[in-house]
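Heads up: the structure comes next, in structure tokens.
The values are calculated or read from the model by the stated rules, or taken from the named source; none is laboratory data. Model, not experiment: these values are computed from the prediction. All Cβ positions, glycine included, derive from the backbone under ideal geometry; neighbour counts span all protein chains shown.
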Amino acid sequence: PQNLYELSEGDLSKTLIDALYKKLSEIVKVDVAIVGAGPSGLTAAWKLGEKGYKVLVLERMLGVGGGMRGGSMLLPVGLIEDGEAAEIAREAGARINKIRNGLFVVDPSELAVRLASKAIENGAIIWPGVLVEDLITRGRGEDLVVKGVLINWTPIYEAGWHVDPFYIEANAVVDATGHDGSLLRVLAKRHPELKINIPGMSSQNVWIGEEMVVEKTSMVVKGLFVTGMSVAELYNTNRMGAIFGGMLVSGRKVADLIDDYFGK
Ligand code: 48F
């Protein structure tokens, strides 16, 4: 295109700044901030976007998919159960292959990008390379309400520099940080009055682990929800290994819980 070649690199930078200004202005105040772009966070983002909420996913790594990307021991296979989990994966457009009764094999990279794509299609914005380091709150004890998160660039954090963070305001925040349970740990540290103990997950027991991670998906304090493996970290439920169905069902459940919370 003729006019295109008239643009200098400086013009391109200015164009990026204009686009960035518009985008950042949109995402500093959202309905839901989801921390972690693993299978549970991405499913939650998709389902909340579908319900019409403005959703921002904050991910400290560059890519999406979290722990699921590594499949089972870095082998490109993962398992999901028949039923609700298979239904969600199929709806996301991922190929699922029945391998034996009640069990399907998935390509973890495919499932990760399909979930991310559904989240984006439904309006969610995924922001990579940012680490959520703290919560914005109001009140204390029983009156505590979570109102958003503080973020910084992951490399700043890794360099160990003290650089003040940036604010993201949200009416609901989701800890979908997997084994880190990052937000829960911050909550416990900043609010000792809540006497929150994070024991970590319990030992491998696949079917109990899968069931409990969904059952215990919940709101921890007003405005802060937990989904995926951080549920297991908080409630000491069993680990389950490279079977991802519970993550998808937990992500969908947390979206329903947030919808109910906003309805009240
Ligand atoms: O670990 P992750 O995939 O969590 P999940 O959705 O799924 C767990 C499964 O992958 C797998 C399993 C259990 O057997 O099925 O382990 O519960 O994704 C968590 C994401 O959160 C990011 C982290 O980089 C990862 O991509 N994360 C963690 N802490 C932070 C964060 C933080 N403070 N700020 C931003 N992102």
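Side notes on the structure shown:
This table checks each residue for (1) at pLDDT below 95; (2) among the polar types (S, T, N, Q); (3) out of contact with any helix residue (DSSP H, G or I) (no Cβ under 6 Å at 6 or more places or on another chain).
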position: ALA188; (1), (2), (3): no, no, yes
position: GLU193; (1), (2), (3): no, no, no
position: GLU233; (1), (2), (3): no, no, yes
position: GLY241; (1), (2), (3): yes, no, yes
position: ASP256; (1), (2), (3): no, no, yes
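- Every listed requirement among (1) surrounded by fewer than 20 Cβ atoms within 10 Å (Cβ to Cβ); (2) of a type outside the set (A, V, I, L, M, F, W, C); (3) within 16 Å of the chain's Cα centre (by Cα) is met by ARG252 save one, (1).
- Condition check for SER202: within 12 Å of the ligand (Cβ to nearest atom), in contact with a helix residue (DSSP H, G or I) (Cβ under 9 Å, 6 or more places away or on another chain) and at negative phi: no
A quick yes/no check of all residues on (1) within 15 Å of the ligand (Cβ to nearest atom); (2) under 20 Å from the mean Cα position of the chain (by Cα); (3) small (Gly, Ala, Ser):
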site	(1), (2), (3)
GLU6	no, no, no
GLY10	no, no, yes
THR15	no, no, no
SER25	no, no, yes
TRP46	yes, yes, no
GLU50	no, yes, no
LEU58	yes, yes, no
MET73	yes, no, no
ASP82	no, no, no
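- Scanning region 221-264 for residues that are more than 9 Å from the ligand (Cβ to nearest atom), in a loop (DSSP other than H, G, I, E, B) and among the small types (Gly, Ala, Ser) yields a single hit, GLY223.
- Applying the criterion of being surrounded by 24 or more Cβ atoms within 10 Å (Cβ to Cβ) and assigned to a strand (DSSP E or B) to the residues of region 27-44, the residue that is farthest from the ligand (Cβ to nearest atom) is VAL32.
- Scanning region 148-173 for residues that are touching a Lys or Arg at 6+ places or on another chain (Cβ under 6 Å) and buried (at least 16 other Cβ atoms within 10 Å of the Cβ) yields a count of 1.
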